[in-house]
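The values are calculated or read from the model by the stated rules, or taken from the named source; none is laboratory data. Model, not experiment: these values are computed from the prediction. Note that we place each Cβ from the backbone using ideal geometry, even for glycine, and neighbour counts take in every protein chain shown.
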């Protein structure tokens, strides 16, 4: 087990190196540079900037410096925000993205799992159809439509909740709900499917035959196995919910990290893009590792090698 | 996905217009009195909350080049002169008075006695000398250092020709006197002193903290406000500076500038009463025709022009007859009327309106017959043999619609093949700078109230020219205007230069920008003006304002007013 984890962690290094190299090259291939502006920068200022950021040196030297500094988690100052370090921007932005994503994931699980269980237990009844129809709607409505609709109803119609910004608990409600909707639906569908499969198996019939109360059968025996699909989905879901909140961040003016990646690429903010891409890559790999470990823990048949 | 967002905005706009009368905080329909787009309940306390736009890149005045940054820099720092919020006339700021020599080349500024920085130390004329030299130093890499080039020796110092600060025409004979020697007369020098690049910065804080001097806790300022709090990608919070020279007249206790870029989000925040002011541009353009009936919407001419430029290094644009033909075939009126729904004025000049005393040349006109004649004279009768040309524009729904309209006008009127070339902003800029285009979408915003701020960009070799166009006659006129001491004659020379530019040059002006703002009725002291400059020290919140004031002494309830 420990060996497995260590090996996986060691594999991070070459993977990150490949990602770093590709991103570095792609950024440099994009036309233009960080100092292009509608208002032309005077040549002297351009030269001073190039020197400050080391852009006046050969590409290979820039690449080498970048790798050495990246290994120390130092990406240097942002081009767009010259008085701020990329590291600070990432830490500050990720704190918010993680909070938003964490709440959304929690809502998805707390709402999605019970819904899925109910639908499975009442298969082919009105309740099942209603839950699954709602789930279909949740998956289908994109969050850039759902967000504005929620704002319209709760902020501009009823004046209950702020329409945007990240100030105080009330401001969390609408972005979290918007982000969670699709995941609630997905979790409900996965739970239902998993439960349906488990409920048909022999050991469940045995448990029922032993006269165990239905509550124990469902919650203790069926749910543990029935949730396996949800658990394996949890890794990608956590990644998607934290890294994919770009649109929600935009609609609700949430100061997360997502917007920096997109705007950074548009602005040719080399350091910022490199930092955010590598951070996301490492985060994603760590999550995948955690999921594999959780899987082994939940299902004794899975063996980690 | 990005493409469908405007449709969401439109749908939202449609629903919003339907529900505007339903909210309990919106006021009655227009027939009975003013109607407001947003909630009109004043905030508690003397606080102004506003949409500042994209996240400020920096608030170091020397480095500031964008509007969100400029708004903060001007609220935190005060220059030698400030601007009157209504007329934009310069008025005394840190300097109480000034005089200029007969030849206009030597300016003497007299600072008010007893000026201090927000942390206590005195602010002297030497602080201005140091700050301006800092902005000029190549190591600072200030984008707008060119604004200081009129000072004798400044350009050489800025370009690194010399590193001796004594060669720059700036001296401080004593604590309250600043002497500025100019290389040529600059009638708008006072306007410049209010510009961010020329604002004083605290030497002691910059020395102590380096690049980090602009952070809360480090930042020391001399203007009406000090920096209290900063939240990344969310807000800058300023509070009143008790040490400001005129602190008693500043009525706002607190200012919150939100970094919100999304136009629909900005409009939602305003409508829900979370902000009191959406600065110009932070109103979704599909809303504008509807908003014009609302009392809290405001639009005024803005010193900026939307135009196309032609790359004269590429045939057939090297032929002035082709350039004329393309210009004459553009129907600006139709674009402004049909595409922009009257939210922008059609414009046939590079310089915008509103320069007192400027003899502006007649605007370019739309004349299809004349356009065809010029094209035939250039050797392409009926468009025969004309190469396929493309219009380059950065990604935006509005740019696309205008490009499509002009494509249709050229194809229909001149019979020439026109393609559209859309690229992301950074790539568009790169293509324009490298002269890798035929026709490109551009715009220009003036820095100060003078036609020179527009005409200078088309001078030969100017970094902003981006057309390859060079005409010695034009350069000579601009140079003559530069050395001219008589303001009226100077403006006449500039007018001649613009006439030449419009007749022979590489620009196709299309429309004149206007500001689009949302301002709550209880916000006072924010005047519309051509520079879209709003000194926050003059702003205050009118707590006595009531939406139902007109009902005072009248009927108890308005039948139109829903509960």
Exercise. Looking at A:19, A:41, A:89, which one is out of contact with any strand residue (DSSP E or B) (no Cβ under 7 Å at 6 or more places or on another chain), closer than 30 Å to residue B:445 by Cβ and modelled with pLDDT of 90 or more?
Worked result: A:89
Exercise. Do you know which of the residues in segment B:245-276 that are touching a residue at least 24 places away in the same chain (Cβ under 8 Å) and closer than 16 Å to residue B:118 by Cα is farthest from the other protein chains (Cβ to nearest Cβ)?
Worked result: B:246
For this session: Tell me which residues, restricted to segment A:62-95, are touching a residue at least 12 places away in the same chain (Cβ under 8 Å), away from chain B (no Cβ under 14 Å) and closer than 26 Å to residue A:37 by Cα.
Result: A:63, A:66, A:75
For this session: Would you check if there is a residue in segment A:271-284 being more than 10 Å from every other protein chain (Cβ to nearest Cβ), touching a strand residue (DSSP E or B) at 6+ places or on another chain (Cβ under 8 Å) and farther than 30 Å from residue A:227 by Cα?
Result: yes
Problem set entry | Flag if residue B:192 is in contact with a helix residue (DSSP H, G or I) (Cβ under 9 Å, 6 or more places away or on another chain) and at pLDDT 95 or above | no
Problem set entry | Exclusive hit being within 25 Å of residue B:447 (Cβ to Cβ) and either surrounded by 21 or more Cβ atoms within 10 Å (Cβ to Cβ) or modelled with pLDDT under 95 (or both), set B:212, B:224, B:272, B:267 | B:224
Exercise. Within segment A:9-61, restricting attention to residues that are more than 13 Å from every other protein chain (Cβ to nearest Cβ), over 31 Å from the mean Cα position of the chain (by Cα) and not in a loop (DSSP other than H, G, I, E, B), which residue is surrounded by the fewest Cβ atoms within 10 Å (Cβ to Cβ)?
Worked result: A:60
Exercise. Of the residues B:429, B:420, B:479, which single one is out of contact with any strand residue (DSSP E or B) (no Cβ under 7 Å at 6 or more places or on another chain) and either within 14 Å of chain A (Cβ to nearest Cβ) or at pLDDT 95 or above (or both)?
Worked result: B:429
Problem set entry | Filter result for residue B:235 (within 12 Å of chain A (Cβ to nearest Cβ), over 21 Å from residue B:522 (Cα atoms), at pLDDT 95 or above and buried (at least 18 other Cβ atoms within 10 Å of the Cβ)) | yes
Exercise. For segment A:144-172, how many residues meet the condition of being within 12 Å of another protein chain (Cβ to nearest Cβ) and assigned to a helix (DSSP H, G or I)?
Worked result: 16
For this session: Evaluate the following for residue B:282: is it touching a residue at least 40 places away in the same chain (Cβ under 8 Å) and within 13 Å of chain A (Cβ to nearest Cβ)?
Result: yes
Exercise. Any idea which of (1) closer than 26 Å to residue B:200 by Cβ; (2) modelled with pLDDT of 95 or more; (3) within 11 Å of chain A (Cβ to nearest Cβ) is the one residue B:63 doesn't satisfy?
Worked result: (2)
For this session: Please state which one of B:252, B:219 is in contact with a strand residue (DSSP E or B) (Cβ under 7 Å, 6 or more places away or on another chain) and over 30 Å from residue A:85 (Cβ atoms).
Result: B:252
Seminar exercise, completed: Expected output for segment B:336-360 (first residue free of Cβ contacts under 8 Å to residues at least 12 places away in the same chain, partner in a strand (DSSP E or B), Cβ below 9 Å, 6+ apart or cross-chain) is B:337/B:346
For this session: Please work out which residue is modelled with the lowest pLDDT, limiting yourself to segment B:45-60 and to residues that are buried (at least 20 other Cβ atoms within 10 Å of the Cβ) and away from every other protein chain (no Cβ under 11 Å).
Result: B:53
For this session: Select, from B:304, B:295, B:325, B:336, the only residue that is under 18 Å from residue B:393 (Cβ atoms) and not in a strand (DSSP E or B).
Result: B:336
Exercise. Of the residues that sit in segment B:434-454 and are within 9 Å of chain A (Cβ to nearest Cβ) and buried (at least 20 other Cβ atoms within 10 Å of the Cβ), which one is farthest from the chain's Cα centre (by Cα)?
Worked result: B:442
Seminar exercise, completed: The residue that is surrounded by the most Cβ atoms within 10 Å (Cβ to Cβ), considering only those in segment B:503-521 that are farther than 24 Å from residue B:462 by Cβ and out of contact with any strand residue (DSSP E or B) (no Cβ under 6 Å at 6 or more places or on another chain), is B:520
Exercise. Of all residues in segment A:138-149, which are more than 20 Å from residue A:102 (Cα to Cα) and touching a residue at least 24 places away in the same chain (Cβ under 8 Å)?
Worked result: A:141, A:148
Seminar exercise, completed: Picked from segment A:96-143 (must be under 14 Å from the mean Cα position of the chain (by Cα) and away from chain B (no Cβ under 14 Å)), the residue nearest to residue A:182 (Cα to Cα) is A:108
Exercise. Residue B:410 versus (1) closer than 26 Å to residue B:383 by Cβ; (2) within 13 Å of chain A (Cβ to nearest Cβ); (3) crowded, with 20+ Cβ neighbours inside 10 Å: which is the lone unmet condition?
Worked result: (2)
Problem set entry | Odd one out for residue A:266, checked against (1) within 14 Å of chain B (Cβ to nearest Cβ); (2) closer than 15 Å to residue A:101 by Cβ | (2)
Problem set entry | Among residues of segment B:134-153, those that are more than 14 Å from every other protein chain (Cβ to nearest Cβ) and either surrounded by fewer than 20 Cβ atoms within 10 Å (Cβ to Cβ) or within 21 Å of the chain's Cα centre (by Cα) (or both), counted | 1
